[in-house]
Amino acid sequence: MNENIKKALHLGGTLFAVTAVTGLILGVVEHYTSQAIARVEAEARNAAFRIVMPAAQDFATFELKEDDFVADVQRGTDANGLAGWCMTVNSKGYGGEVNFIVGITKDGNVKAINILNHSETPGLGAKSTEPEFYEQFNDRSDLPLRVAKGSAGDGEILAISGATITSTAVTTGVNAAVEYWNRNLKGAE
């Protein structure tokens, strides 16, 4: 056999072995880290459920009806039965989707929201994760909500300065969760 062919086969075999071992190692690492990541994400969601529906002691997945905004529905219960609902909402913001949980009481009012993740602009839309913005949604019964600039009255949420698109995305998502409750959960136990 030609010396050049032997070198090429040796080099190809070595490259194949290194690639196979590296791929195997990466596969094992991905397997274990993906489980850890999924566990951390589930813990974060459960913590968000407790933030937006503090009266609930337990949460159980509820059958989801197809919806453009609501991606998940959890039924929150306490010792007396239904405490309220936690809905995972995805709404289009300026930089991409804003993903958050909306807590809705058993009588259809917004208890609270919790932003899980977003791709909004730092210093602008990212302010949606600050209490000055998201606490405006706490204990709201004057629904649906509207975005206001400058000052907010009844049924209004004060927009984040320079981030009206993000403010509108979150408000639209909250209103969509309330509409979902009205269509699918009102009267459910």
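The values are calculated or read from the model by the stated rules, or taken from the named source; none is laboratory data. For clarity, every value in this text was computed on a predicted model and none was experimentally measured. Cβ placement follows ideal geometry from the backbone for every residue including glycine, while neighbour counts extend to all protein chains displayed.
A few remarks follow.
- Tally, over the range 128-157, of residues that are without any contact (Cβ under 8 Å) to a residue 24 or more places away in the chain and either exposed (fewer than 12 other Cβ atoms within 10 Å of the Cβ) or more than 22 Å from the chain's Cα centre (by Cα) (or both): 14
- Only one of Thr166, Thr171 that is assigned to a helix (DSSP H, G or I), within 16 Å of the chain's Cα centre (by Cα) and free of Cβ contacts under 8 Å to residues at least 40 places away in the same chain: Thr171
- Which listed residue is under 24 Å from Leu64 (Cα atoms), touching a helix residue (DSSP H, G or I) at 6+ places or on another chain (Cβ under 9 Å) and either touching a residue at least 40 places away in the same chain (Cβ under 8 Å) or not in a helix (DSSP H, G or I) (or both), from Val178, Val102: Val102
- The one condition in (1) more than 17 Å from the chain's Cα centre (by Cα); (2) surrounded by 13 or more Cβ atoms within 10 Å (Cβ to Cβ); (3) not in a loop (DSSP other than H, G, I, E, B); (4) not aromatic (Phe, Trp, Tyr) that Thr33 fails to fulfil: (2)
- Residues that are part of a loop (DSSP other than H, G, I, E, B) and touching a helix residue (DSSP H, G or I) at 6+ places or on another chain (Cβ under 9 Å) were ranked within the range 107-143; the one that is farthest from Ile165 (Cα to Cα) is Gly108.
- Residue ID - farthest from the chain's Cα centre (by Cα), chosen from residues in the range 69-99 that are over 16 Å from Val52 (Cβ atoms) and in a strand (DSSP E or B): Gly81
- Selection within the range 102-128: residues that are of a type in the set (D, E, K, R) and touching an Asp or Glu at 6+ places or on another chain (Cβ under 9 Å). The member of this set that is nearest to Gly173 (Cα to Cα) is Lys111.
- For the range 48-68, filtering for residues that are in contact (Cβ under 8 Å) with a residue 40 or more places away in the chain and in a helix (DSSP H, G or I) leaves 4.
- Failed criterion for Phe49 (all others in (1) over 15 Å from the mean Cα position of the chain (by Cα); (2) of a type in the set (Phe, Trp, Tyr); (3) surrounded by 11 or more Cβ atoms within 10 Å (Cβ to Cβ) hold): (1)
- Residue check for Ala44: out of contact with any His (no Cβ under 8 Å at 6 or more places or on another chain), over 23 Å from Asn184 (Cα atoms), among the hydrophobic types (A, V, I, L, M, F, W, C) and surrounded by 12 or more Cβ atoms within 10 Å (Cβ to Cβ): yes
- For Thr121, the conditions (1) under 13 Å from Arg50 (Cα atoms); (2) in contact (Cβ under 8 Å) with a residue 24 or more places away in the chain; (3) surrounded by fewer than 17 Cβ atoms within 10 Å (Cβ to Cβ) all hold with the exception of (1).
- Of all the listed residues (Gly84, Gly27), the sole one being at pLDDT 90 or above and either farther than 22 Å from Glu135 by Cα or surrounded by 11 or more Cβ atoms within 10 Å (Cβ to Cβ) (or both) is Gly84.
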